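The values are calculated or read from the model by the stated rules, or taken from the named source; none is laboratory data. All values derive from a computational prediction rather than experimental measurement. Note: ideal-geometry Cβ built from the backbone for every residue, glycine included; neighbour counts use all protein chains shown. Note: areas computed on protein heavy atoms with side chains; ligands, DNA, RNA excluded. Shrake-Rupley method; radii C 1.70, N 1.55, O 1.52, S 1.80 Å.
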Amino acid sequence: DNFPRNIYYWLYMFYLSKPVEFFDTFLLAARGKPLTVLHVWHHASVVFETWSWLRYGLNFSIYGMLFNTAIHTIMYMYFAYASMQWRFPWKRWITLLQIVQFITSFALTIPYLYLYWRNPQRCMGMPALAISTFCNASYLLLFLRFYRRTYWPVSKAKD
């Protein structure tokens, strides 16, 4: 009831886009590339996470959707460049942006919890907040591990 229709609509469109992202998983597997825990877990769990936003009405999830959409736009642009054998010099920055996205999600949680503490009836979505917090914590840890293994020390970096 308290979930604005325009936010619900865009979150629903975002939710519908998540299974489509499995397509790159199938492409990787078809090309014989290894599938990482990060890749499989992220694509599998984000469908459940975005469903929870809709189910429980987590209003501020719109910010996560917008940030994630921006990062995926840049990431798929990178994939397009790479498929044409063009050099895309900011590959490392895409991973850093993803890490910032997950850290930002925790920063957004703080005012939400404060508002919930002040007036629980006005803050919907606590089950979704718990699901998102768990998912984002796991994503953050996995992306940090990926970044460390791929780009650290700096001499190993291959942009």
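Observations on the model:
- Contact order, relative form, for the chain: 29 percent (alpha carbon pairs under 8 Å, 6 or more residues apart, mean separation divided by residue count).
- Segment 92-151 and segment 27-83: distance between their alpha carbon centers, rounded to Å: 14
- Modelled this way, with points 7 Å down the Cα-to-C-beta line, the labels at M84 and S17 are 2.1 nm from one another.
- Taken per residue, the accessible surface of the chain reaches 64 Å², heavy atoms only and a 1.4 Å probe.
- Surface share of carbon and sulfur [accessible, 1.4 angstrom probe, percent] for segment 16-115: 75
- Ranked packing of 103-110, 134-141, 80-87, 60-67, most packed first, by mean Cβ within 10 Å: 60-67, 134-141, 103-110, 80-87
- The chain - charge dipole about Cα centre, Lys and Arg +1 at Cβ, Asp and Glu -1, debye rounded to 20: 480
- Difference of contour (0.36 nm per residue) and Cα-Cα distance, T109 to A44: 21.1 nm
- From the coordinates shown, semi-axes √(5λ) of the Cα gyration tensor in Å corresponds to which of (i) 21, 17, 16; (ii) 33, 24, 17; (iii) 31, 18, 14: (iii)
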